[in-house]
Amino acid sequence: MERKCKAVLAVVIAACCLAGCAPMKMEEASTPGESGSAPTIFADAAADFERLQFETQDLEGNACDSKELFALHDLTLVNIWATWCGPCIEEMPALEAIYEEGEIGVVGIAVESEKQETAELAAEITAELGVTYPNLRPTQEMIQDFLADVAYLPTTVFVDSEGKVVGGGLYIGGRGELEWRDTIESVQKSMEE
């Protein structure tokens, strides 16, 4: 059984890497930035959810409260991803490296993992990549409050210790570790102003 799961996981990861990500909702999709590989910042996209507050479970079924998660750091990177999204999976090691330093928080939200089967696949992916930062399952309330407005994956938003969205908006697309470090530095500077 374990061999079969690993084989399925390998096929899914390979397919994701080759296919890339499509918009979550075609009818509400915005055009990504000119370069295609560079993330795009939509400064007004976060206006629909100025604060993130939720109670949910992580991929292992443990209770998680956003107030407790966000209170641990002055700044938390919230990364919204999917199991079928190659760029989402590719950037996880970079996010893990940043998380391990402990300066800022990192939280993942695996869309569609409200379904048990998808949650299990998401847990397999994070385990295979050695991801230790919290990855959460969305509730219907989270979907209605902010996830329904996410058109592309991965999408990242930064929040302060109270869950207030900071940093100018949504960050669309995957990034490497150096790009994330530059982005984090820029967001931290904007919070100081």
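The values are calculated or read from the model by the stated rules, or taken from the named source; none is laboratory data. As the structure is a computational prediction, the values presented were derived from the model and not from experiment. Because the Cβ atoms are built from the backbone with ideal geometry, glycine has one as well, and the counts that use them run over all protein chains shown. Just so you know, the surface numbers come from the protein's heavy atoms only, side chains and all, with ligands and any DNA or RNA stripped out. Shrake-Rupley method; radii C 1.70, N 1.55, O 1.52, S 1.80 Å.
At-a-glance table
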| read-out | value |
| --- | --- |
| Probe 1.4 Å, protein heavy atoms only - accessible area per residue of the range 126-165 in square angstrom | 38 |
| Centroid-to-centroid separation of the range 159-193 and the range 79-102 [C-alpha atoms, Å] | 15 |
| Per-residue SASA entry for residue 132, accessible area with 1.4 Å probe, Å² rounded to 10 | 90 |
| Long-range HN-HN contacts of residue 109 with modeled amide H, under 5 Å | 79, 80, 81, 136 |
| Three semi-axes of the equivalent ellipsoid, the range 129-193, Cα gyration tensor, whole Å, largest first | 21, 17, 13 |
| Linear extension gain, residue 177 paired with residue 103, 0.36 nm per residue minus alpha-carbon span | 25.2 nm |
| Accessible area (Å², 1.4 Å probe, nearest 10) - residue 50 | 130 |
| Residue list for the range 147-168, given a label point 7 angstrom along the Cα-to-Cβ vector of residue 189 and an amide N cut-off under 20 Å | 157-160, 166-168 |
| Residue 60 - accessible surface, heavy atoms, 1.4 Å probe, Å² rounded to 10 | 130 |
